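*Asks:* Take a look at the following structure, please.
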Amino acid sequence: MRLLALVLVIFSQLANADCSCECINGRVQAVCSSTLDLKPICSPRICPILTPGIRPLPSLRVPPIGTTSCRKEQVWNGYRYVWREYCR
């Protein structure tokens, strides 16, 4: 029984290993590196004020498998907002 509990704990940590809660465009959102990952429930927090900026031109590459579109979003990196590409 203890072994089963240990396996479940390890598996649950691996399932959320590639997901995080980030400030995107001034709001907290769950971000995962794979479409198969389960998105975590993000706790409410205050994101820094979004700085005005012009969205960069979209890339011409094909979206990864399992996604339909990609777009650039402003993400807080701990010091300032930077542009990153996110696919859905």
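FYI, it's all coordinate maths here, none of it is from the lab. Note that the structure is predicted; figures quoted are calculated from it, not measured. Positions of Cβ are generated from backbone atoms using ideal geometry, with glycine treated the same way; all protein chains shown enter the neighbour counts.
*Asks:* Determine the shape class of the range 16-88: with a ≥ b ≥ c the square roots of the Cα gyration tensor eigenvalues, call it rounded for a/c under 1.5, and otherwise prolate if a/b is greater than b/c, oblate otherwise. Let's see the in-between values first.
*Replies:* Numbers: a/c = 2.61, a/b = 1.08, b/c = 2.42.
Since a/c reaches 1.5 but b/c is at least a/b, the shape of the range 16-88 is classed as oblate.
*Asks:* So which chymotrypsin sites (Phe, Trp or Tyr not before Pro) in the range 24-81 end up in coil per DSSP with only 15 or fewer other C-beta atoms within 10 Å? Before the final figure, lay out each step's value.
*Replies:* Working: sites: W76, Y79, Y81; in loops: Y79.
For chymotrypsin sites (Phe, Trp or Tyr not before Pro) across the range 24-81 that sit outside H, G, I, E and B with at most 15 neighbouring Cβ atoms in 10 Å, the list reads Y79.
*Asks:* Which of the trypsin sites (Lys or Arg not before Pro) across the range 53-87 are loop residues per DSSP, with 15 or fewer other Cβ within 10 Å? Provide the component values of the computation, followed by the final result.
*Replies:* Working: sites: R61, R71, K72, R80, R84; in loops: R61, R80.
Answer in residue order: R61, R80.
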